[in-house]
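A short write-up of the structure that comes next.
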Amino acid sequence: MAIKQLSETQQKVGPPLWLLAELTYDCPLHCPYCSNPTVLGDKKDELNTEQWLKVLTEARVMGAVQLGFSGGEPLLRKDLEIMVKHGRELGFYTNLITSGIGLTEKRIAKLKQAGLDHIQISFQGADPVVNDAIAGRGNAYQQKFKMAQAVKAQGYPMVLNFVISKQNISQMADILRLSCELAADYVELATAQYYGWAYHNRDHLLPTQEELIEAERIVNEFRQQQQGKGPQFIFVTPDYYEQRPKACMNGWGSTFLTVTPDGSALPCHSAKMLPLTFPNVKDKSIGDIWRKDFSFDYFRGDSWMPQPCQSCDEKEKDFGGCRCQAFMLTGDMHKTDPVCSKSPDHHLIEQAITSAKTPSAPLIMRVNDQQEIARIKL
């Protein structure tokens, strides 16, 4: 039997350093900025405990060192502590990315005992009214606030995440004060990423450039006043207002590996939207997926790039931009990311910015019921 030879890019590829385990797409919140796919799949297809433990083991053997548990809401998995313990025993640095809903002091202690290194709690706003309106759930703010305090009390690094959108960007000063009140160590102030639900709600979410400039001014002024004390704030603007796109996952199939609830293995969390057939960990090992699978090799290197990327002296910095964004906006996953000012499709970004000033379609809150999603007809 003929042995398939590895391509040149496959021979050069290093290990996946970051494994994102999306344990479930189920979530108690209804945030309109959610980047989860709008087709959530069937819960009966989710990987079981044994399958997830196998994924963690194989990824660690490959050389992965960072392990993130996310969703949806990963706390909905009752076997989370088992996975954390296994990841820790393998030598991973383990990170839980959670809304805080469903977290209790008792469960924080169990996760600590299992070896969890890091908990990141998301907030939707700086006060109960705004937070709970965006989250689509009453008393969410109070639960988050209480659990953030409990996480800090258990000795974890206090890491907060605020997804910034048109709904809460005017609260920037209050967000900074809340972060200090909670004695946060790190705070990510990242604008919504326009995939999944967020893409459908983009006109309602995308702030104006003037709003972003003002928000960043407030953050920079606050940093100066703090003089290096207090939380470290990381402000991330949407690439819609940049001249060059963000680097696609630090290079497609080079650093990040995502495994979805049903076991699909992806080079990024949104890649399943692309017209490619992605492998499943139920059928293939992580090693074979990472090193040999056609889909993981598809956008490695630069031979796939069209012009103007192919002759651009910045192609090794941004890798042609986001493949998912190119596909969503142009219908062709091979094209230059329209965010780039050199792209012949850059006018699509300009149109999106203009459209966001006067949204016409209604805001759609995320829902978890597939029949309800079908009724909405996203």
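The values are calculated or read from the model by the stated rules, or taken from the named source; none is laboratory data. All of these numbers come straight from a predicted model, not from anything done at the bench. Methodologically, a virtual Cβ is constructed for each residue, glycine included, from the backbone with ideal geometry; neighbour enumeration extends over all protein chains shown. Just the protein is used for accessible areas: all its heavy atoms, side chains included, with ligands, DNA and RNA removed. Shrake-Rupley method; radii C 1.70, N 1.55, O 1.52, S 1.80 Å.
Tally up the carbon and sulfur contribution to the accessible surface of region 1-144 as a whole percent, 1.4 Å probe, everything protein left in place. Looking at region 1-144 in its full context, I get 56 percent from C and S. Ordering V159, Q142, Y186 by Cα displacement along the dipole of region 132-215 toward the positive end leaves Q142 in first place; charges were set at the Cβ atoms of Lys, Arg (+1) and Asp, Glu (-1). Within the straight-line cut-off of under 14 Å between alpha carbons, the aspartates and glutamates reachable from K12 are D297, D302, sequence neighbours fewer than 8 places apart in one chain being disregarded.
Within the accessible area of region 248-378, what % is carbon and sulfur when the probe is 1.4 Å and the other protein chains stay in place? Carbon and sulfur atoms account for 52 percent of the accessible area of region 248-378. Of the trypsin sites (Lys or Arg not before Pro) in region 34-125, the ones in a loop by DSSP (not H, G, I, E or B) with at most 16 other beta carbons within 10 Å are K78. Do any GluC sites (Glu not before Pro) in region 204-247 lie in a loop, going by DSSP, with at most 16 other beta-carbon atoms within 10 Å of their beta carbon, and if so which? Within region 204-247, the qualifying GluC sites (Glu not before Pro) (loop, at most 16 other Cβ atoms within 10 Å) are E242. Oblate is the label for region 207-251. Its Cα gyration tensor axes, ordered a ≥ b ≥ c, give a/c of at least 1.5 and b/c at or above a/b. Counting only Cβ charges, +1 for Lys and Arg and -1 for Asp and Glu, the dipole size of the chain around its Cα centre is about 760 debye. Between K282 and K110, the simple spin-label model (points 7 angstrom out along Cα→Cβ) gives 2.6 nm.
Calculated mean residue ellipticity at 222 nm for the chain: -10000 deg cm²/dmol, from DSSP H runs with n ≥ 4 weighted as -39500 (n - 2.57), summed, divided by the residue count and rounded to 500. Computed from the C-beta positions of Q310 and H347, the FRET efficiency with R₀ = 22 Å rounds to 0.55.
Computed over the alpha carbons of region 246-378, Rg followed by Dmax gives 16.9, 48 Å. The rule of thumb for compact globular proteins, 2.2 N^0.38 Å, goes into the C-alpha radius of gyration of region 58-134 1.22 times. For region 51-118, the Cβ-based charge dipole about the Cα centre amounts to some 160 debye (Lys, Arg positive; Asp, Glu negative; other atoms uncharged). Sorted largest first, the principal axis extents computed over the alpha-carbon atoms of the chain equal 64, 50, 49 Å.
Average accessible surface for the chain: 45 Å² per residue, computed with a 1.4 Å probe over protein heavy atoms with every protein chain in place. In region 206-301, the C-alpha radius of gyration followed by the widest Cα-Cα span (Dmax) gives 19.1, 54 angstrom. Per-residue extension of 0.36 nm, minus the Cα-Cα distance of S360 and Q224, leaves a gain of 45.0 nm for this segment. Our summary gives region 62-198 a relative contact order of 20 percent, counting only alpha carbon pairs under 8 angstrom and 6 or more residues apart. Annotation: for a label point projected 7 angstrom from Cα along Cα→Cβ of Q232, no residues of region 84-98 have a backbone N closer than 14 Å.
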